[in-house]
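Data block below; observations after.
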Amino acid sequence: MTVSVDEEVCIGCSFCTLFCPEHALEVSRFFVAEVASDRCTDCLKCLNCCPNNAIRKG
Amino acid sequence: MRCDVVVVGSGIGGMCAAAKLAHAGLQVIVLEKLPILGGRYTSVEYDGCIVHPASVVLIWGEGSPVWHTLQEVDAPKFETKVISHCRFQFKGKSLDMAMDSMGDFRPVIALASRNDEETDRVLGALKNAFLWREPSDTITFKEWLRQYTDNETIHVLFNCFATSWGGINIHEYPAGEFIRVMKCTATRGKPPIIAKNGLKDVIDSLEQVIKRHKGKVLTECEVSGITVKGGMAKGVVAQKDGKNIEVEAKVVVSNAGPERTIELAGRENFEKSYLKEVRDKIRTPGGVEVEFATTKPLLDFSGWIMVVDPQMRVLLWCMMSGYWENWKPKGKHPVTGWLVPENTLSYDPRKEYETLIQDAKKFFPNWEECEPEVVRLKNFSGNWPPMRSWQGYQLGQRTSIENLWCVGDANCPPGFVAGEGAAESGRIAAEQIKATLV
């Protein structure tokens, strides 16, 4: 898994979850997007889809 | 690249401006950071179902700025339906009101009142505010209303309107602006329209207009700077596929919000009073929306339910499954709760979420029986807000740089809210830009 979510920046808007073909991104009741490492295929489609630029490579 | 007008961001404000300017014969380029157009004014197909990344409450109807724009630019048509009714649910009684008679407040105020004298007093005050003298913005709508009644149910009724038409509470809403919004939005007398694929249909239609007139629309293209020389905007610098792009333009329209626009163009290039106005005025609220899916319909009703009950915090439930089949997640029945924090400037979304779940259980007697599943949690704040600024705390469309315009929901003209206000800001900017360039 090569993407990570900056928890300080993520507001939990769920926008990114709509762009993950593997359903690996989910916003929990803590209002932070989490990446399920077993489902993430490193396609990086989520990189450009955060309105707050909270999704990073690495 | 060179063009007449470059538009930074493809929210409904930017897209209305771009479509109008392209339709007027100007060369337009729209640059959007995200993979899809529309910003918060959009919808996405996900798992075969239409999803609303921002609010399902965002609406438009005949006579509204979005509708006017679509007519003015001869935009391609798409499938739509009107929302005929909305429900006001009181404790133990309800009223289904036709949306085209929304301007007639008597039946719903009468249900909230303790007696006829109270109904007449509140309606009389509203009539005076509508027709004779608008209250000023120096008091909140709650303070204004308290002069005529302390009936908590009437206060909650107006809070239902306030939180659905601006995402803030009546104790935050400037009184004058609330009256203007009621006049402009509620009393238009036309029901709201929802398109088959949601707001995406509006954005797609505007995009087709721009392209039809030889305009360019680029997604995943993030603007990193607005170039300013000699006090004038000269264009923008952006990144697309890892490469730098320079766009020269006669006019720059920013749909990125006033604060980001100042960062992009450089603080030193703006006049002091503009910077101060942005700093003093912009108040960005927040709110929480939760989408559920149930195995059975919770109610035999489709549309919006305004909850006029002082014991409840969720004032608006949306149940749209009866309108479009493709809006149903996994064939189930969608229901969305919209919760506006008591203080929209400082709140904990996790606590608001817990409240929303408790309210759902209290409000729908058959909640557990319908096997609700949380489909999506959505917190709106910061750079992804329900409104870029509180109603009554918005700016004009002109910045202090002569050919740099700001459009969007921080630039709604008085009386216009949310997507409608953003669209109107784009229309106003486009008309004025046309006057200088065409």
**OP:** Between B:ARG212 and B:ASP116, take the C-beta separation as r, use R0 = 51 Å, and let me know the FRET efficiency to the nearest 0.05.
**Re:** 0.35
**OP:** Would you mind telling me the share, in percent, of accessible area of the protein assembly as shown contributed by carbon and sulfur at probe 1.4 angstrom?
**Re:** 48
**OP:** Give me a single rounded figure for B:127-135: the average over its residues of other chain Cβ atoms within 10 Å of their Cβ.
**Re:** 0
Subject >> Flagged links, alpha-carbon separation over 21 Å, of B:LYS328/B:LYS362; B:LYS234/B:LYS434; B:LYS328/B:LYS378 >> reply: B:LYS328/B:LYS362
Original post:
Counting each DSSP H run of 4 or more residues in chain B as -39500 (n - 2.57), what helix-only mean residue ellipticity at 222 nm follows after dividing by all residues, to the nearest 500 deg cm²/dmol?
Top reply: -10000 deg cm²/dmol
Original post:
Roughly what would the spin-label model give for A:ALA36 and B:SER94, points 7 Å off Cα along C-beta, in nm?
Top reply: 3.5
Original post:
For segment B:285-355 and segment A:3-58, what is the separation of their C-alpha centers, rounded to whole Å?
Top reply: 23
**OP:** Assign unit charges at the C-beta atoms only (+1 for Lys and Arg, -1 for Asp and Glu), then state the dipole size of chain A relative to its Cα centre in Debye, rounded to the nearest 20.
**Re:** 140
Original post:
For the protein assembly as shown, which semi-axes, largest first and in whole Å, follow from the square roots of 5 times the eigenvalues of its Cα gyration tensor?
Top reply: 35, 28, 21
Subject >> Within 10 Å of each Cβ in B:372-384, the average number of Cβ atoms from other chains >> reply: 5
Original post:
Taking only pairs that are 8 or more places apart or on different chains, how many Lys pairs in segment B:81-214 have Cα atoms under 30 angstrom apart?
Top reply: 26
**OP:** Could you please report the charge total around B:ARG313, scoring K, R as +1 and D, E as -1 over all other residues with beta-carbon less than 9 angstrom from its beta-carbon?
**Re:** -3
**OP:** For segment B:102-161 and segment B:163-204, write down the distance between their C-alpha centroids in whole Å.
**Re:** 18
**OP:** Evaluate the distance, in nm, between pseudo-label points positioned 7 Å from the Cα of B:GLU263 and of B:GLU246 along their respective Cα→Cβ axes.
**Re:** 2.4
Original post:
If the chain between B:ALA125 and B:SER400 were fully stretched, how many nm would it gain, using 0.36 nm times the residue separation less the Cα-Cα distance?
Top reply: 95.1 nm
Original post:
To the nearest 10 degrees, how steeply does helix B:349-363 sit against the main Cα axis of chain B, on a 0 to 90 scale?
Top reply: 40
Original post:
How much area per residue is accessible in chain B when the probe is 1.4 Å and only protein heavy atoms are counted (Å²)?
Top reply: 39
Original post:
Using the beta-carbon distance between B:SER273 and B:ASP104 and R0 = 35 Å, what value does 1/(1 + (r/R0)^6) give for FRET efficiency, to the nearest 0.05?
Top reply: 0.25
**OP:** Using label points projected 7 Å from each Cα along Cα→Cβ, tell me how many nm separate A:ASN52 and B:LYS434, to one decimal.
**Re:** 3.9
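The values are calculated or read from the model by the stated rules, or taken from the named source; none is laboratory data. Not measured: the values here are computed from a predicted model. Positions of Cβ are backbone-derived with ideal geometry, glycine not excepted, and every protein chain shown enters the neighbour counts. Heavy atoms of the whole protein, side chains included, go into the accessibility calculation; ligands, DNA and RNA do not. Shrake-Rupley method; radii C 1.70, N 1.55, O 1.52, S 1.80 Å.
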